[in-house]
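Encoded as structure tokens, the structure appears first; notes follow it.
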Amino acid sequence: MLIATALACGQERPVPQATVTAPAQDRAPTPNPSPQGDDEPRKSNIEGSDPRWFEGEVSLADGRRVAMHYRLGEGLFEQHYNPKSGKWTTPRLIYGTKTDACQSIKLQARGDTVTAIANFGRYCADGEPPTESIAAVGLGGLRKWDHHLTRSFDGWEHAEITDDGRKATFVSRSTVVESTLVWTSTGGFTNPVFKYSD
């Protein structure tokens, strides 16, 4: 039986966690200790062979850009660029944690909807599995970001944005389980679904 096999291998089923923190837009922006000009997004402060592994950026069809970066002991931050003003917004905390950041932030965009995938875990950048997997969605003016936390999970692989940006489905597939997490503009995040193989 598959469940017995998974337990025998010492694996645990993912533990979904609904977002319980206050929405990002309700928090005061966290100042960045390393000032930069308004023409560049902030950078991660995590050292390594290539610090760009801890940053991500995506362009929207209307010329806007969204960038995210990790800050050591603080979490995941977002800022976006307005081509009309020629400036980047002040970095905004999307998910706060003191846990180590994993490599790479995956950003995707369709219309004015942006999805982000980010993971955290002790020694995660060195290859250990994540313990905190974040799926996030920003819409419209990008002043509000919804996020969902799933614990003890290997992380989402990609997001599929449909319905003119009103729906995003986060997906992860393995030989053992297919995982999905759905966000809609009207209902926010649902609980993730884990479909195990027979």
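If each residue of separation counts as 0.36 nm, what is the full-extension length gain between residue 144 and residue 84 once their alpha-carbon separation is subtracted? Working shown, then result.
Values: separation 60, 0.36 × 60 = 21.60 nm, distance 2.00 nm.
Here the segment from residue 144 to residue 84 would lengthen by 19.6 nm.
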Run the reach check for residue 43 against lysines, Cα to Cα strictly under 20 Å, same-chain hits fewer than 8 apart removed. What comes back?
87, 98, 106
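What fraction, in whole percent, of alpha-carbon pairs in region 92-194 exceed 25 Å separation? Don't jump to the answer; show the numbers that get you there.
Values: 858 of 5253 pairs.
So the pairs more than 25 Å apart make up 16 percent of the total in region 92-194.
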At 1.4 Å probe size, what's the solvent-accessible area of residue 185? Round to the nearest 10 Å².
50 Å²
Would you work out which of 125, 176, 186 lies farthest towards the positive end of the dipole of region 109-186? Charges go on Cβ: Lys and Arg +1, Asp and Glu -1.
186
Could you give the accessible area per residue of region 122-198, probe 1.4 Å, as a whole number in Å²?
52 Å²
Carbon-plus-sulfur fraction of the accessible area of region 135-175, 1.4 Å probe, in percent?
41 percent
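Which whole-number percent gives the relative contact order of region 70-149, counting Cα pairs below 8 Å spaced six or more residues apart?
Details: 157 pairs, mean separation 17.4, N = 80.
Here the relative contact order equals 22 percent.
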For region 142-191, the Debye formula with one identical point scatterer on each Cα and no solvent gives log10 I(q)/I(0) at q = 0.14, 0.17, 0.30 Å⁻¹ as -0.38, -0.55, -1.29
Tell me which residues come under 5 Å, amide H to amide H, from residue 65 once H is placed; ignore anything under 5 positions away on its chain.
60, 81
Amide H neighbours of residue 75 under 5 Å, at least 5 residues apart or on other chains, H built in the peptide plane: list them.
97
Quick one: if you stick a label point 7 Å off each Cα along the C-beta vector at residue 184 and residue 99, how many nm between them?
2.9 nm
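Given an 8 Å cut-off on Cα distances and at least 6 residues of separation, report the relative contact order of region 39-198 as a percent. Display every interim value, and only then the final one.
Values: 382 pairs, mean separation 21.2, N = 160.
Relative contact order comes out at 13 percent.
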Amide H contacts of residue 105 (H built 1.01 Å from N, under 5 Å, at least 5 apart or other chain):
55
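The values are calculated or read from the model by the stated rules, or taken from the named source; none is laboratory data. Keep in mind it's a predicted model, so treat the numbers as computed, not measured. Neighbour counts are summed over all protein chains in view; Cβ atoms, including those assigned to glycine, are modelled from backbone coordinates with ideal geometry. To get the accessible areas, we keep the full protein, side chains included, count just its heavy atoms, and leave off ligands, DNA and RNA. Shrake-Rupley method; radii C 1.70, N 1.55, O 1.52, S 1.80 Å.
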